[in-house]
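To start, the structure itself, in C-alpha cells.
The values are calculated or read from the model by the stated rules, or taken from the named source; none is laboratory data. All values reported here derive from a predicted model rather than from experimental measurement. All Cβ positions, glycine included, derive from the backbone under ideal geometry; neighbour counts span all protein chains shown. Quick note on the areas: whole protein, heavy atoms, side chains included, nothing else; ligands and nucleic acids left out. Shrake-Rupley method; radii C 1.70, N 1.55, O 1.52, S 1.80 Å.
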Amino acid sequence: MAIDFNQNFFELFELDYSVDINSEILEKKYLNFQKNFHPDKFVNASDYEKRMSLQITSHINEAYKVLKNDYLKSMYLLKIKGYDIDNQNSTISDPSFLMHQMELREESDEIMSKKNKNLKKDFFIKLNSLKKKFQDDFKIKYESELFEEASDSIKKMKFYISIENDLKRNG
Amino acid sequence: MALLQISEPGKSQDPHQKKYYVGIDLGTTNSLVALISNGFPRVLKNKEGSELFPSIVSYKKDSVIVGEYFNDSASITFSSIKRMIGKNIKDLNSSDFYSPCEFIGDDSIVKFKVFKNLLTPIEISSEILKHLKNITEQTLMGDIEGCVITVPAYFDDAQRQATKDAASLSGLKVLRLLNEPTAAAIAYGLASKKISKIMVYDLGGGTFDISILDLNDGVFKVLSTGGDSSLGGDDFDYLIVDYIQSKLDIELDSEKKYILYLYAKKIKVALSETEIVDIELEKIGLENTKLTFSRDDFNLLINDLVQKTLKISSEVLLDANLSVNDINEIILVGGSTRTPFIKYSVKNFFNKEPLSDINPDNVVAIGASIQADILSGSSKEELLLLDVIPLSLGVETMGELVEVIIPRNSTIPTSSSKEYTTFKDGQTAMSIHVIQGERDLVSDCRSLAKFIIKDIPPMLAGAARIKLEFQIDADGILSVSATETTTNKVTSIEVKPSYGINDSQIEKMLKDSFDNAHTDIKSRHLNEAIVEGKRVILSINSALKIDGSDLLNEKELKYIYKARDELEEMLNSGEKESIIDAVKNLEKVSETYVSRRMNSNIQKIMKGTDIKEFN
C-alpha cells in the first residue's frame, strides 16, 4: 500500500496526540496529500493506480474530518487509548446532568415550534459554550490520563451535538 | 501526478487524428460545448451561429433530431429531459414530469413508448450528448478524447450516475463530472485566489440554483446549495403576458397567447438595453391599441420572484453558517441574470458588485473546458477540486428508519464501512436497502438501490459478520462491496437499482447502439488497445529510467522487463484481447513497483513539510 493504512490519523499527519493540534500542519499536509493522490491526477492512469488513489484519498479525507472536529478527535484519542465510546453504552448516570438535559430538550422543542431565527441563533451560541466547557474538561482529564472521566465528558458533548443536529434538521 | 504516465494526452499520437478535451454544459433548456484552444476558451457555435444548443430531442419513425422542436403528429419531442434523469415517477414533481407520449413506470425508472422502442431519460439525454459530440468532431475535424460534464451541485448519486451512463451511451469518455457553480468559479479564475467564499447565483430559463463555495488554496468545497427548480426567466415572460392581458382587459386564446409569450421574451431582452418599449399589438390582431411597457413596470412585475431568489439566498447562507459579509465574490450565471434589476438587487443584497463580465450563458461550459484541459494533463495550471456529497447516504434499519452511513457534505472520495450480522441460524442471504436524503424516515428519502448479499457461510445467528464497504468516488457515485469478516469470504452482491439502469442493461444499450452505428467498432477497439499498450510501455520505461534500479531488485526488474517485452510483441499481433491481456499482465507485475513509487513520494511530501516551517 502506498500509505500506511495501519498508522493512526495522528501518525499519518505527524501530529502530537492532543486536542490542540497544529492546524497549520494539518491543512498543509492535507493539501499535499490531495495534490498528490486525488483521482483527478490519475484520470489517464491504470485501473490499479486509480483504485489506489481512490482508497488513499478516502482514507485521507476520513482522517482530516476526524482531526478537524474537536468531538470526533476527542473520541479518536480515547479510542487509541482503548476506550471505544462508539461501541459503549452512552447513557449518562449523573442525575443533575439528566435534569439539565431535560430542560435543554424542552427549550429546543419550544424554539423548533416558534421558528424564530434570532432565538435559534442565541440557542446555538448557548449550546456551543456549554459544549466548549466539556471540551476543556475533556482536555484536562485526557492530559491527566483520567480516561474514564474523559469518556464521560465526551458523552456529555455528544448530547449537545445531537440536540444541535436535531434542531438543524427539523428547525 | 500519474506515476506511470508520461505521455501527454493532449498531444496526439498520430498527427492526422487530432484529439480534443472538451467541457460540456448539459443544461435543462440549452447545452453548450467549450474547449481550450491555444490557451483560450472557445465556445462552439452551431450552423446558425448560436452557442446555445437547445436540449430538445425529437423522435421520428426512423430518425432522431436534436435541437429543433417539432409539433407535428409524426414526431415525439422531449424537452427539459434533465429534470427527469436519474429519477422515477414517484419522486418527480408534477412540474418536472412531462411526457409527450405513452409511458410506463411506477416504482422504477420511467420508460417512454417512442414508436417501437421503450426509452429512458438516460437514452434521450444521450441523444443530446451524441449530437454535441458529432457537431464538435465535425467542427474541429478530430475526436473528443475525453470530456468534463457539468451537473447541478445538488444532483444525487442516481442523477450523477444516470448522467454518466448517458455519456457512455453516446460514446463519450467522462473524465469528471463537475458541479456547475464550481465550473463558474473556475471560469472566473477564482481558483488562483488563496482563500475565498463564493456565492454562485444561477438563474436560467426554468431553474434557479444558488450555491456557496469555499475556496482554500486551490481546494473547492461546496458549502451549501439551494434553489427552486420551477423558477426562471420563463416565468418573467408569463408575467409580461398576464400584464398585457390585464391592461387590455382581454383573455387571449392559446395560440395568440403563445405568440405573445414569444414576443414577451423579446420585450424582456429589449428592456435590458432600453428604458421603455412600445408593445406592437398588431402581432395579436389588435391594430388600433397602443401600450407602452417600461423597465420600471417590468421590475415591479418580477419583484416578487426576485425577492424569492434572495430569500432562498439567505437560507443557503444560514445553512452554511455564514452572513452576507462573509461572501467575497458573487458570480452571476444564466441568461436571466442579464436583467438589470436582478444585477441591481443582487448587488444591493450582498453589498458587493457581482461578477458578470463573462457571458452568463457560457460561463459554466467555459469552466468545464478549463477543468477538462487540466485533467488532460496538457495545462500547466495547478488546480485541485475537492467536492462534497450533497445528500447523506444511509441504509434502512428496523422500523423503516434511516441510519446515516456517510453524512452530507463529506468530502469525496470517501468510504465508510458498517458491520451487520445474521439473525437466523444458517442464514445465507441478507437484503440491504440504500437510501439518500436527510430525513429520518425511509419513505421521506430517496431509495437508491437494494442489495442482496448472497453466499454468506451458514453459521449460528449472530455469528456471521458482514462488513459492508460504501465507497463514493470523485464523481459522487457510490459502489458497495461486502465481506464476511470471520471467514474473510468476499460475498457477492446483487444490485437492484431503484432507478437508473444496471451495468448489463447499459452493455445491452451500448451494444444496440453500436449495432446501429456504421463505424467499424472492431478496428477502433484494436487501435485503442494498441495506443493503450504503447502508452503503458512508454510510461514504464520512463519510470524505470528514473528510479527503477533504486526501488527494485534484479529479479523484480527482470519480471517487469519480461512482461514489457511480451506486450511489445503483442502490439503487432492484431489481436485486441491478447494486447489487453498483456497490458494487464504488465500492470500487475508492476504493482509493487507502483506502490513503492507512491511510498517514496509520500516520504518526499513529509520531508517537504518540515515542522520547522511552521515555527
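Table for the structure above
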quantity	calculated
All positions within segment A:14-36 that are over 26 Å from A:Phe134 (Cα atoms), among the aromatic types (Phe, Trp, Tyr) and either surrounded by fewer than 19 Cβ atoms within 10 Å (Cβ to Cβ) or more than 8 Å from chain B (Cβ to nearest Cβ) (or both)	A:Tyr30
Count of residues meeting criterion [among the aromatic types (Phe, Trp, Tyr), buried (at least 20 other Cβ atoms within 10 Å of the Cβ) and within 7 Å of chain B (Cβ to nearest Cβ)] in segment A:37-54	1
From the options B:Ile128, B:Ile144, B:Ile135, residue that is open to solvent by less than 10 Å² (accessible area, probe 1.4 Å), modelled with pLDDT of 90 or more and aliphatic (A, V, I, L, M)	B:Ile128
Complete set of residues in segment B:565-598 that are farther than 15 Å from A:Glu49 by Cβ, part of a helix (DSSP H, G or I) and either within 14 Å of chain A (Cβ to nearest Cβ) or among the acidic types (Asp, Glu) (or both)	B:Asp565, B:Glu566, B:Leu567, B:Glu568, B:Glu569, B:Glu577, B:Ile580, B:Asp581, B:Ala582, B:Asn585
Some residue of segment A:120-133 being open to solvent by 90 Å² or more (accessible area, probe 1.4 Å) and aliphatic (A, V, I, L, M)	yes
Check on B:Lys116, without any contact (Cβ under 8 Å) to a residue 40 or more places away in the chain and not β-branched (Val, Ile, Thr)	yes
Whichever residue in segment B:122-165 is of a type in the set (Gly, Ala, Ser) and within 20 Å of B:Asp373 (Cα to Cα) and, among such residues, is farthest from the other protein chains (Cβ to nearest Cβ)	B:Gly142
Strands (runs of 3 or more DSSP E) contained entirely in segment B:50-104, each with at least 3 residues that are open to solvent by less than 50 Å² (accessible area, probe 1.4 Å)	B:56-59, B:76-79
Residues of segment B:434-454 satisfying the condition of being of a type in the set (Ser, Thr, Tyr) and part of a helix (DSSP H, G or I)	B:Ser443
Selected residue (criterion: most open to solvent (accessible area, probe 1.4 Å)) from residues of segment B:406-440 that are within 9 Å of chain A (Cβ to nearest Cβ) and not hydroxyl-bearing (Ser, Thr, Tyr)	B:Arg439
Hey, B:Met606 within 8 Å of chain A (Cβ to nearest Cβ) and either modelled with pLDDT under 65 or closer than 15 Å to B:Lys562 by Cα (or both) or not	yes
Test for B:Ile149: is it of a type in the set (A, V, I, L, M), in the same structural domain as B:Phe53 (by TED's automatic domain parsing) and part of a strand (DSSP E or B)	yes
Criterion violated by B:Lys193 - all others in (1) more than 14 Å from chain A (Cβ to nearest Cβ); (2) touching a helix residue (DSSP H, G or I) at 6+ places or on another chain (Cβ under 7 Å) satisfied	(2)
Cross-chain or 6+ apart pairs with Cβ under 7 Å, segment B:371-387 first and more than 8 Å from every other protein chain (Cβ to nearest Cβ), then assigned to a helix (DSSP H, G or I) and at pLDDT below 90	B:Leu383/B:Ala191
Filtered residue count, segment B:178-215, keeping only those that are of a type in the set (Gly, Ala, Ser) and part of a helix (DSSP H, G or I)	6
Candidates B:Leu35, B:Leu119, B:Leu44 - the one that is closer than 26 Å to B:Arg160 by Cβ, modelled with pLDDT of 85 or more, open to solvent by less than 10 Å² (accessible area, probe 1.4 Å) and in contact with a Phe, Trp or Tyr (Cβ under 8 Å, 6 or more places away or on another chain)	B:Leu35
Breaking point among (1) of a type in the set (S, T, N, Q); (2) away from chain A (no Cβ under 14 Å); (3) surrounded by fewer than 24 Cβ atoms within 10 Å (Cβ to Cβ), for B:Asn216	(2)
Matching entry among B:Lys265, B:Lys256, B:Lys247 (being more than 22 Å from B:Ile412 (Cα to Cα), in contact (Cβ under 8 Å) with a residue 40 or more places away in the chain, part of a helix (DSSP H, G or I) and open to solvent by 10 Å² or more (accessible area, probe 1.4 Å))	B:Lys247
Among the residues listed as B:Gly476, B:Gly500, the single one being surrounded by 15 or more Cβ atoms within 10 Å (Cβ to Cβ), at pLDDT below 55 and not assigned by TED's automatic domain parsing to the domain that holds B:Asn88	B:Gly500
Any chance A:Asn61 is within 14 Å of chain B (Cβ to nearest Cβ), under 30 Å from B:Lys588 (Cβ atoms) and exposed (fewer than 15 other Cβ atoms within 10 Å of the Cβ)	no
Hey, B:Lys576 at pLDDT 85 or above, open to solvent by 20 Å² or more (accessible area, probe 1.4 Å) and within 34 Å of the chain's Cα centre (by Cα) or not	no
